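Comments concern the structure below.
Derivation of every value follows stated rules applied to the coordinates shown; laboratory data play no part. Since we're looking at a predicted model, the values are computed, not measured. Glycine gets a Cβ as well: all are built from the backbone with ideal geometry, and neighbour counts include every protein chain shown.
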Amino acid sequence: MEALSHQQIRAVAPSVFAMSPHMSRSERYAYIPTVDVLEGLSREGFRVVKASQSRTRIPGKSDFTKHMLRLRHESTATAVQALGETIPEVVLINSHDGTSAYKLLAGMFRLVCLNGMVVADSLVGSLKVQHSGNITSKVIEGSFKVLENTGKAVEAAKSWAGIELSDDESLAFANAAHTVRFGAEDTTINPVRLLAARRPDDQGRDLWRTFNRVQENVIKGGLQGLNATGTRRVSSRAVRGIDGDIRLNTALWTLAESMAALKA
């Protein structure tokens, strides 16, 4: 995946380029445009590879809403081959309407399925930078810290690749993920469908590939099921919102950590 130009980022996340905060912000709100922070990160070797922003129904607010940027550092250009070409990333979240401070999270991108995942705070931690002081330098410093900590995530994933799950354990993992995504009472999608492999390389009983299959199926949607009355076929929706993406990815990573701990 190549680095995005400013033009490409603006096309999907115009709020990154807002030159002033939303009118709801007070004078105490220290405003630093996200694009200025990106310029600083770019000078330090970080490149944006994916961008998105939240939707809003409030007129005039779309240019200030929460946005998410996935960045890679030039030092991580070589994929981790043992994990299906997995690349460490830094996930940057911010808004200019007061709904989010600058937040940095560890991410991992698996090239084989073009799917991004977010590592749980319990493993590497996340960082928040309030809209005050020297924001750019704080975000740059935090980005390097998060990037350094992604090594822990890579080591965890490598260990998961060596943990074999029984059929009951795989189903238990799928059931837990199903509850996180759809709720305990939902019967539309059979949890077994979360274990389906979308490509031959993802078939296997180890925890790493099981986690990847479930994560992709939960996030990308397209799973077939029946409505509550069993009279009509339905399909699960892809997760597109920033908050839902982060919440689900973090929860799934935590589930995998818990399974690994139980197996240990």
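Send over the semi-axes of the chain's equivalent ellipsoid, whole angstrom and largest first, taken as the square roots of 5 times the C-alpha gyration tensor eigenvalues. Spell out each step's value before the answer.
Working: eigenvalues 221, 105, 48 Å².
Largest first, the chain gives 33, 23, 16 Å.
Checking the cross-link pairs Lys66/Lys263; Lys50/Lys263; Lys66/Lys152; Lys128/Lys152; Lys66/Lys145; Lys220/Lys263 against a 30 Å limit on the alpha carbon distance flags Lys66/Lys263; Lys50/Lys263 as lying beyond it. Applying 0.36 nm per residue to the separation of Thr231 and Glu39 and subtracting their alpha-carbon distance, the gain on full extension is 63.7 nm. Once each of the chymotrypsin sites (Phe, Trp or Tyr not before Pro) sitting in a DSSP loop with at most 16 other beta-carbon atoms within 10 Å is removed, the chain keeps 32-264 as its longest stretch.
How long is the gain from Asp167 to Thr187 if the chain were fully straight, where each residue apart is worth 0.36 nm and the alpha carbon distance is subtracted?
Working: separation 20, 0.36 × 20 = 7.20 nm, distance 2.05 nm.
The span from Asp167 to Thr187 would gain 5.1 nm if fully extended.
Each part gets one Cα centre, and for region 138-172 versus region 229-249 those centres are 24 Å apart. Close amide H pairs (under 5 Å, H built 1.01 Å from N) link Lys50 with Arg70, residues at least 5 positions away or on another chain.
How much net charge surrounds Ala3 when only other residues with a Cβ under 9 Å from its Cβ are counted (Lys, Arg +1; Asp, Glu -1)?
Details: positive: Arg47, Arg72; negative: Glu2.
With Lys, Arg at +1 and Asp, Glu at -1, the neighbours total +1.
If you add up the charges near Arg198, with Lys and Arg at +1 and Asp and Glu at -1, over every other residue whose beta carbon is less than 15 angstrom from its beta carbon, what do you get? Before the final figure, lay out each step's value.
On the way: positive: Arg110, Arg193, Arg199, Arg209, Arg213, Lys220; negative: Asp201, Asp202, Glu216.
The answer is +3.
Positive contributions from Lys and Arg (+1) and negative ones from Asp and Glu (-1), summed over other residues with Cβ under 15 Å from the Cβ of Arg47, come out at -1.
Using the Kyte-Doolittle scale, which helices in the chain average at least -1.0 and also have C-alpha atoms spread 18 Å or more along the helix axis, with helices defined as whole DSSP H runs?
Values: long enough: 135-160 (37 Å, -0.06); 167-182 (22 Å, -0.15); 207-220 (19 Å, -0.64); 242-263 (32 Å, 0.34).
Result, helices passing both filters: 135-160, 167-182, 207-220, 242-263.
The mean sequence separation of alpha-carbon pairs under 8 Å and at least six residues apart, normalised by the residue count of the chain, gives a relative contact order of 15 percent.
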